[in-house]
Each structure stands twice: as C-alpha cells, then as structure tokens.
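Student: The structure that follows is given in the form of structure tokens.
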Amino acid sequence: MPDVLRQIDWFPLWLSLRVASFATIVSLAVGLTLAYVLARYRFRGRELLDSLVSLPIVLPPTVLGYYLLVLLGRNTPLGRTFEGVFGFPLVFTWQAAVLAATFHSIPLLVKSARAALESVDHTIENAARTLGASEWRVFFQVTLPLSRRSILAATIFAFARALGDFGVTIMIAGNIPGRTQTAAVAIYDAVQSGNTLLANLMVLIISLIAVGILYWTNRLQEGLYP
Amino acid sequence: MALLELTLCKSFLPSASAPGFNLDISLSCEAGVTVLFGASGSGKTLTLDSLAGFLRPEQGRILLNNEILFDAESGLCQPPQRRGIGYVFQNYALFPHMTVGQNLAFGIARLPTLERHRKVHEMLELFGLTALATRKPHELSGGEKQRASIARALITEPRLLLLDEPVRGLDYPLRLDFYEVLRNIRQKYQIPILLVTHDVQEGFTLAERVAVYEAGRIVQIGAPDEICLRPRSTAVARLLGISNIFSGTVEELDPMSDCTRIRTSLFSITVPYLPGRLRGDTVWFCIPQEHVLLVHPSMSKSDQSRENRIPVQVVEEIVTPNTVRLLLRVQGANTTSNGNAASFHMESEVSRLVYKKMGLAKQKDWLVALPKAFIHVFGEQEG
C-alpha cells in the first residue's frame, strides 16, 4: 500500500487546496463588501446587482467559464492588460483557476453573509450610532462580531465550493498536469484514462474533506450567539 | 427658548402590514420628564426615532439647545452620531458580545484611557452595577439590563435622553426601582427627558408633563393632574382608563347659582355653570372611577338631590391587588326600551379597606355621589 501511495501524484490535491485558499480570501474580501452594500443600502440597480451576483449559481459552469474566457483571453483588452501588468497571460495558469474558483464560490458567500448581516438586530446597531460610533466602527465592532459565526460558516462553505469547482476551471485554466490540473480535474482525467485506483483515492480524500467541512459549519451554526 | 423644540411631519404609505399613517406633531420641552403617552401605534416611538435621526421626516425642524439637528427646508439632517442624544431602547439594545463595562465604555472610546476608566467606574457605581462590570448582557436580569442601558446612554453626557417603554416587562418592585433611578437622573442632569409609555400609571407617576398621542398627533399636553381631571376629549378620557363617560342634554342653566343641570338617559346631575352652552345642547362628560363615591341609602334619604346622588345596584365586583372595581347599574333605568344591552352603567373603584369596612360584599343597593368638582364636561362635541 505505501508503494501505491508513493506512486500517486499529490500535486492536484495540493494545487486544489492552494487555489481554494486564495479563492476564499478573494471571495471573503469582495463578497463581504458586496453583502454589506446589498444589506445596507437602498439604491437603483440593487436587485440587478443581486441577480448578477447570484448568476453563477444558475448558469452551467461551462457557460460561466466561456464568458470568462471570452472576457479574459489573451486577445481581449482585459487579458492584454493583465499580461501587460503581470508579465504573463492569465488564462491557463493556476491564477486563472483561482479566478474560476472565486466565481464558483462567491454567490453563496454573498447570500449567506447578506442574510447574516441583515439578521443583526438593527436597534443594537442604532444604539451604537447614538453613542457616536462611525458607520465603520458600527460594522467592525458591532455588526461583524454579532454575525461572525454565520459569516465564518459561509466562508468555510465557500472554501468547500472553491475546492470542488470543475467546469469553470477546465474552461479557463485548462487541464495541464503539474500546472493547472486541480483535484476535480485530475479525477476526471483518472477516470478517463482508466486509473481507477487514483480516482478512488482522490474521490475518498475529497469526500472526507467535504464531510469534515459540512460537519464543522453545522457545529458553528448551531452554537449561535451568545 | 425651550431646550428642545420640534415640529415633524411624515406620512407612511399603507402597506400590507399596516394602514397609512400620518405623523404630525410639534412639541417643546424644558429640562425634566415629558411623558409621551398614547396607545400602541400612535406615533410615540416614531417621534423618538425622528429625534435620534433614524427616521427622516418630510417636513419640520428639530432644535436642541438652539442647535439645528434637522431642518427640512434647508435639507439639513445631522446623522445620529452627531446629535448628542441618549436613547434607551425598548429591548435595551445592549451589545451582547461585550461586558457591561465594555458596553459603557463604547460611547466614550475617544477619551484617554484613564479618564475612560474613571467615568465607567463612576457610572457603574451610580447605577449599582459595579459587581456586574465583567458580566455579559445575557447574564443580567431585566432590571440590571435596564440600568446598564441607561448608564450607557448617560455616560456620553447627552443633551437629551429618550426612553422607550423603559419598564415594559419589568416586575412591580423593579418598576419602583426605575422610578427612583429616574428621579436621581432628573436631579443630576439638567436635560429634557422624553419617556414613551402606554401605561397610564407609569406615565402619570413619572411625568412633569404629559403629551397625549392619538393617531400620530398630540391631542393634549399639560401637567398630569390637569390631564387626568380635564381630559380634552372622550378619546383621551378612554386612554386614561376612565370608563364613566356619558352624554346628556342640558336641561337648565343658571349662572346666578353657578349650576347646570344635565339629563342623561339614566339620571340627572348638576355641574357648575357651563358658559357658552344653551338649553337642549348635547354634552359629554366623565368622572374618574375613584371619584364615584358610595353612600349608604339609609344615610341620605332626605336630600337625594344634593351632590348628585343616584341609586345604584352593584352587579359585579372585580378584585385587583389594591382595589375593588364595582360595576354599577342605575336603578330604575329602562334598558330594554332603547336596546341598551350594557349590563352596567357606571364603575366605581374603592380601596380594599373601604370595601371591607362598608360591607360591600353583602349590601348591594347603594347611592352613588358624584362630586361636582370631579365631573368634567368635555369642551368638544364628539362621541
């Protein structure tokens, strides 16, 4: 058995974890901002923004991936700008996989974070305001601490989603073994090439991670404040 | 110039959950307790929210210590952060993730550490919270939460204090504690205090002035005694819990002997002269239950006409902790002819001691005496 383990290429799994971690950080920063804006302000186009944010949930991942490819390919303005700034093309790199995973995970994070922020008792936030706290301070010292469990749970969930992306990744990051081949893609590859042992092992590991994450988020949400 | 002056107008469109509503009030307050009294949904809390800056009225202005907080005409609207108003919310709105000490320190975070500690300690001491400084709100009782919430509001030295139903849900002894706390605040801080309540007893125990709300308007404002004795309308009288409200016809007017005779469908009474009324006018009047006195029939058979004596029968007794409410039926009243289905006509409230001494449990036939001084004839014609 150790022999078998030694034969396995651990790169896809390692890449998946790295990609998902980066994607989660980006999702959290962007998603929390979006959630705050959606929860707090009434403005024109609010519902449209909400719909756009939710779009990745309903669109087939390949369609989303195709959009991104068309937007960010090497011959598009955005793609050329990226290449000019960073010195390498975005598509078919592990950074593209991060982008793919971010798009795959952000809608759920925005939805959960928005619900969490909206569920905070408004009178408590208003009390902070009458005590002279700036909106910034109200958010970081009152709203966020009071919704942190739900937001943490949403973040972990977003990580799980990012870990599992297949469709968007394969469209814009491709399937380059040792460079952009994530675990989800590697499993597909293993099945295609009849490497059942590798496929089984990867599936098992991914499943264990997923179950662990779900168990953890449930535990987090049950232990509600205080 | 009053410390606080406000005029507000705001209309709320009808929604699925509530009918349309217009808030239209003006009020000016000096230092001291002004109670905003009225039924639920009459606009009291909306007034506080407008003052605090959570709600933007369509018209009007708010002046506090001669500073404009809001002015619809010039579009000026200070944010809640800059109004210097202390707000004690109905649910106290303590920060659940902070200790009592941290809750108090929140509003004075800008002060130097030492000064901040000193003030927090001083406030904890003043409100008897020193032993609870490191507790979180969920470890406090209702009364403790309330005191913490008031201390937190006052630590910023606000120019105006707003209290929204402060004793709601508190037991009676805790209410008494609160009255004591409020008296102390009143003495220590020379600021206007607006207290919202829909509880008559509370409103009239605490108030230096009462503003009576009805459907988004202030219908009467004045000293508590004044409002109790001379409610402006039957609606206000009902809000105050006065159930003895009658309508009658003016039968006789005599300015010389200062009396007016009014006949209702049940009885006749004499009240002081009513200037500006004519014979045949319909008037409404009321008398608070505690001023409806019971007289033993044998004691005053001779002059039943004096002091508005009316023979009644006790039809029901409602025992409350301190008093007994007696539902009375006017004897000889013909209720079948006019379809008046009321099982009683009048209510009297006596202390339990009086109830016992007078043998009210056995004796059911009495005379009631309605003292002229406590009969209030409403100025306006209305039902």
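Student: I want to check the label-to-label distance for residue B:139 and residue B:171. Put each point 7 Å from Cα in the C-beta direction and report it in nm to one decimal.
Tutor: In this crude label model, residue B:139 to residue B:171 measures out at 2.1 nm.
Student: Give me the accessible area buried between chains A and B, both sides summed, with a 1.4 Å probe, in Å² rounded to the nearest 100. Can you show the working numbers first?
Tutor: Numbers: alone 12770 and 19250 Å², together 30280 Å².
Looking at A and B, the buried total is near 1700 Å².
Student: What average number of partner chain Cβ atoms lie no more than 10 Å from the Cβ of the residues making up B:86-94? List each step's numbers first, then the result.
Tutor: Details: counts 3, 6, 2, 6, 1, 4, 3, 9, 2.
Mean shielding count: 4.
Student: Are there trypsin sites (Lys or Arg not before Pro) in the stretch A:1-99 that DSSP marks as loop and that have at most 13 other Cβ atoms within 10 Å, and which are they? Please report the intermediate quantities before stating the final value.
Tutor: Details: sites: A:6, A:18, A:40, A:42, A:44, A:46, A:74, A:80; in loops: A:42, A:44, A:74.
Sparse-neighbourhood loop trypsin sites (Lys or Arg not before Pro): A:42, A:44, A:74.
Student: Mind checking the dipole of the stretch A:2-221: about its Cα centre, +1 per Lys or Arg Cβ, -1 per Asp or Glu Cβ, Debye to the nearest 20?
Tutor: 460 debye
Student: Something else: Select from B:210, B:246, B:311 the residue farthest towards the positive end of the dipole of the stretch B:187-338; place +1 on Cβ of Lys and Arg, -1 on Cβ of Asp and Glu, and compute about the Cα centre.
Tutor: B:246
Student: Next up: Dimensions of the stretch A:1-91 along principal axes (Cα, Å, largest first)?
Tutor: 61, 33, 26
Student: Further, regarding this structure: Between residue A:11 and residue A:88, what FRET efficiency comes out of the Förster formula 1/(1 + (r/R0)^6) with R0 = 22 Å and r the beta carbon distance, rounded to 0.05? Spell out each step's value before the answer.
Tutor: On the way: r = 20 Å, r/R0 = 0.89.
Step by step, r from the Cβ atoms, then E = 0.65.
Student: Also, quick follow-up: Write down the Å³ per residue value for the convex hull defined by the alpha carbon atoms of the protein assembly as shown.
Tutor: Numbers: hull volume 164.9 nm³, N = 609.
Hull volume over Cα atoms, normalised by residue count, gives 271 Å³.
Student: While we're on this one: Per 5 Å bin from zero, what fraction in whole % of the C-alpha pairs of the stretch A:59-141 is there, up to the bin with the longest pair?
Tutor: Spelled out bin by bin, the stretch A:59-141 gives 3, 12, 16, 14, 10, 8, 9, 11, 10, 7, 1 percent.
Student: Which whole number gives the average, over all residues in B:136-142, of C-beta atoms from other chains lying within 10 Å of the residue C-beta? Before the final figure, lay out each step's value.
Tutor: Numbers: counts 1, 1, 2, 1, 0, 0, 0.
Across the residues of B:136-142, the mean count of other-chain Cβ atoms within 10 Å is 1.
Student: In addition: What percentages, rounded to whole numbers, describe P(r) for the stretch B:115-246 computed over all alpha carbon pairs with 10 Å bin width beginning at zero?
Tutor: Per 10 Å bin, starting at zero, the Cα-Cα P(r) for the stretch B:115-246 comes out as 11, 37, 30, 15, 6, 1, 0 percent.
Student: Answer with one residue from B:4, B:31, A:55: the one whose Cα lies farthest towards the positive end of the charge dipole of the protein assembly as shown, charges on Cβ with Lys, Arg +1 and Asp, Glu -1.
Tutor: A:55
Student: Follow-up question, since we're still on this one. For residue A:86, tell me the accessible area in Å² from a 1.4 Å probe, rounded to the nearest 10.
Tutor: Near enough 120 Å² of accessible area.
Student: Follow-up question, since we're still on this one. If you filter the stretch B:8-61 for trypsin sites (Lys or Arg not before Pro), then keep DSSP loop positions with at most 11 other Cβ within 10 Å, what is left? Walk me through the numbers on the way to the answer.
Tutor: On the way: sites: B:10, B:44, B:61; in loops: none.
For trypsin sites (Lys or Arg not before Pro) across the stretch B:8-61 that sit outside H, G, I, E and B with at most 11 neighbouring Cβ atoms in 10 Å, the list is empty.
Student: Any aspartates and glutamates with Cα under 12 Å of the residue B:44 Cα? List them, leaving off those in the same chain fewer than 8 positions away.
Tutor: Within the straight-line limit of under 12 Å, residue B:44 reaches these aspartates and glutamates: B:24, B:164, B:165, B:214.
Student: Could I ask something else about it? Between Rg and the Kirkwood Rh of the stretch B:4-148, both from Cα atoms, what is the Rg to Rh ratio? Could the numbers behind the result be given before it?
Tutor: Values: Rg = 18.2 Å, Rh = 17.6 Å.
Using only Cα positions, Rg/Rh for the stretch B:4-148 is 1.03.
Student: Mind checking which of A:175, A:153, A:136 is farthest towards the positive end of the stretch A:109-181's charge dipole, using Cβ charges of +1 (Lys, Arg) and -1 (Asp, Glu) about the Cα centre?
Tutor: A:175
Student: Can you figure out the FRET efficiency of residue B:361 with residue B:39, using R₀ = 25 Å and their beta-carbon distance, to the nearest 0.05?
Tutor: Numbers: r = 35 Å, r/R0 = 1.40.
Calculated value: 0.10.
Student: Using a Förster distance of 60 angstrom, determine the FRET efficiency expected from the C-beta separation of residue B:257 and residue B:180, and round it to 0.05.
Tutor: Numbers: r = 48 Å, r/R0 = 0.80.
Computed FRET efficiency for residue B:257 and residue B:180 comes out at 0.80.
Student: Where does chain A land at 222 nm, in deg cm²/dmol rounded to the nearest 500, when only DSSP H runs of n ≥ 4 count, each adding -39500 (n - 2.57), divided by all residues? Display every interim value, and only then the final one.
Tutor: Numbers: 11 runs with 169 residues, N = 226.
Rounded to the nearest 500, the figure is -24500 deg cm²/dmol.
Student: According to a simple spin-label model (label point 7 Å from Cα along Cα-to-Cβ), what is the distance in nm between residue B:344 and residue B:223?
Tutor: Result for the modelled spin labels: 3.2 nm.
Student: Work out the P(r) tail for the stretch A:97-139: percent of alpha carbon pairs separated by more than 15 Å, whole number. Show your work: numbers first, answer last.
Tutor: Working: 525 of 903 pairs.
The answer is 58 percent, as a whole percent.
Student: Please report, in debye to the nearest 20, how large the charge dipole of the protein assembly as shown is about its Cα centre when each Lys and Arg carries +1 at its beta carbon and each Asp and Glu carries -1 there. Before the final figure, lay out each step's value.
Tutor: On the way: 58 positive and 52 negative charges, 177 e Å.
So the magnitude is around 840 debye.
Student: Within chain B, which is the longest segment that contains none of the GluC sites (Glu not before Pro) sitting in a DSSP loop with at most 12 other Cβ atoms within 10 Å? Let's see the in-between values first.
Tutor: Values: sites that count: B:58, B:73, B:380, B:382.
With a cap of 12 other Cβ atoms within 10 Å, the longest stretch comes to B:74-379.
Student: Using only helices, what value at 222 nm comes out for chain B when you add -39,500 (n - 2.57) per DSSP H run of length 4 or more and divide by the total residues, to the nearest 500 deg cm²/dmol? Please report the intermediate quantities before stating the final value.
Tutor: On the way: 9 runs with 85 residues, N = 383.
Helix contribution divided over all residues of chain B: -6500 deg cm²/dmol.
Student: Per q in 0.12, 0.19 Å⁻¹, report the Debye log10 I(q)/I(0) for the stretch A:2-221, using one uniform scatterer on each alpha carbon and no solvent.
Tutor: For the stretch A:2-221, the Cα-only Debye profile gives -0.73, -1.33.
Student: Now a separate question. Taking accessible area as the heavy-atom solvent-accessible surface of the protein chains with a 1.4 Å probe, which residues of the stretch B:49-63 lose no less than 20 Å² upon going from the isolated chain to the full protein assembly?
Tutor: By number: B:54.
Student: Rounded to the nearest 5, what % of DSSP beta bridges with both residues in the protein assembly as shown are antiparallel? Write out the running numbers ahead of the final one.
Tutor: Details: 63 of 82 bridges.
So the antiparallel bridges in the protein assembly as shown amount to around 75 percent.
Student: If you consider only alpha-carbon coordinates, what radius of gyration and Dmax does chain B have, in Å?
Tutor: Cα-based Rg and Dmax for chain B come out at 25.4, 80 Å.
Student: Over the stretch A:146-195, give the accessible area per residue in Å² for a 1.4 Å probe, as an integer.
Tutor: That works out to 40 Å² for each residue.
The values are calculated or read from the model by the stated rules, or taken from the named source; none is laboratory data. Owing to the predicted nature of the structure, the values given are computational and were not obtained by experimental measurement. Cβ: placed from backbone, ideal geometry, glycine included. Neighbour counts: every protein chain shown. Surface areas here come from the heavy atoms of the whole protein model, side chains and all, with no ligands, DNA or RNA. Shrake-Rupley method; radii C 1.70, N 1.55, O 1.52, S 1.80 Å.
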